[in-house]
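Have a look at the structure below, then the notes.
The values are calculated or read from the model by the stated rules, or taken from the named source; none is laboratory data. Small disclaimer: the values here were computed from a predicted structure and weren't measured. Cβ sites come from the backbone with ideal geometry, for glycine too, and all protein chains shown count toward neighbours.
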């Protein structure tokens, strides 16, 4: 084997150059050391093989750990998906109950109040009323109007909340079970 200068290189020899000065301001000389290296080269090659094996082993270990972490994350995501499906089903049920309750309250309170209002407005036409009775009828009508306004406001608030913050009850159908 030859180097760039054309000199023959012996593969099992290690060359080392050590600079040497006789005095601080003296000329620089080089001390050349040759050492037979078959044993040293074998040790270096063995160390390289060992290093490659260790790196491969560490990479394999990291791959296994990463696989286990991803698998555990998948299990957690699957469990949380089921929890979300259950929570969404409960939320949908509560939304239906709220809507039904609001509708029932509005309907069941509005109907009797409308009836009371109608009769209170008919009282002055039924015959002469005293001043106290006229004032009482006016108080009844005003109270019924306030209650009707509150009921309509309750219905509007419920409708407005549902429109601005709708509850999606189709999420259960969109998320596939694991």
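Structure summary
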item	result
Extreme residue, modelled with the highest pLDDT, among residues of the stretch 97-113 that are under 16 Å from residue 155 (Cα atoms) and surrounded by fewer than 12 Cβ atoms within 10 Å (Cβ to Cβ)	97
Failed condition for residue 108, given (1) under 21 Å from residue 149 (Cβ atoms); (2) touching a residue at least 12 places away in the same chain (Cβ under 8 Å)	(2)
Any chance residue 77 is surrounded by 12 or more Cβ atoms within 10 Å (Cβ to Cβ), modelled with pLDDT of 95 or more and assigned to a helix (DSSP H, G or I)	no
Selection status of residue 134, out of contact with any strand residue (DSSP E or B) (no Cβ under 7 Å at 6 or more places or on another chain), at pLDDT 85 or above, in a helix (DSSP H, G or I) and surrounded by 14 or more Cβ atoms within 10 Å (Cβ to Cβ)	no
